[in-house]
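Worksheet: one structure, shown below.
Since every read-out is calculated from the coordinates, none of them should be taken as a lab result. Since this is a predicted model, take the numbers as computed values, not measurements. Please note: Cβ atoms are built from the backbone with ideal geometry, for glycine as well, and neighbour counts cover all protein chains shown.
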Ligand code: ZN
Ligand code: CA
Ligand code: ZN
């Protein structure tokens, strides 16, 4: 009888420890963009340890031309050039542009609101492509009426990055060998998302046998996967896609994907719907309700095309 009081608390302790470890496992892993938090508050003129990570982040999404260091070379600060940690004019300008794109206060320094936006999970496709900011509407093209005025200059259209009218009947395939936990229903998720875009565009989509030729190809990948844009583990970049007529759409295999997401899971349906926008030629939108807005929170669902998305695809392909 005397041992009972000892066994009982031990059992409770064990149970609590087990529960604690289960809870820990279901929580998100380290955020690849989490380094930004330690840089909060930095501004022009300062020399800050780790600032090259911010520069690399901004370069990755098109806001800075020059990588302070090449992606695969940095091991210590010794290998950085002397200006890599300096908050210079061009970094301030890049942050200002980022703040305009995300409708934040344009302060030019790394304030708390900017850090909060930058650390959200996002699409890996850049906001600025070859110097062209896809998130800012051209002031001379306030309407979407004429493709002539839009082609190559609009928010959405980008010269040479749309499907020619001879290729509106697109075929697609899904790389089933790469499917991951939570993405078991990828086929129906993709079919459903393609249908939503088809309703507002001249496209038809037909699935073809895996391994055959197709216009579009969907697959999951981990880390470096052959296109020079390595994935970064759980959080950070969720996926990326190439503009027409490339057709590749890649998803980070390490995310907590789900087609019915809980608090710490990423909604596969929302991200696939977004990525298809790129496959068809759309850039990122500044409208945070739009499917083509670059970031999405854990557990958040954006499964319906919004007015901004519909106007974009219709402007690009001149359908009404
Ligand atoms: Zn995107
Ligand atoms: Ca990731
Ligand atoms: Zn890729």
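Numbers below:
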{"read-out": "Taking all pairs of distinct alpha-carbon atoms in segment 222-271, Kirkwood radius in angstrom", "value": "11.7"}
{"read-out": "Cut-off 12 Å, label 7 Å out along Cα→Cβ of residue 188, residues of segment 217-235 by amide N", "value": "none"}
{"read-out": "Residue 38-residue 166 pseudo-label distance in nm [points 7 Å out on the Cα-to-Cβ vector]", "value": "5.4"}
{"read-out": "Where only alpha carbons of segment 144-316 are counted, the Rg and the Dmax (Å)", "value": "15.4, 45"}
{"read-out": "Residue-span extension gain [residue 314 to residue 129] - 0.36 nm each, minus C-alpha spacing", "value": "64.5 nm"}
{"read-out": "Extension gain, residue 212 back to residue 113 (0.36 nm per residue minus Cα-Cα distance, nm)", "value": "31.0 nm"}
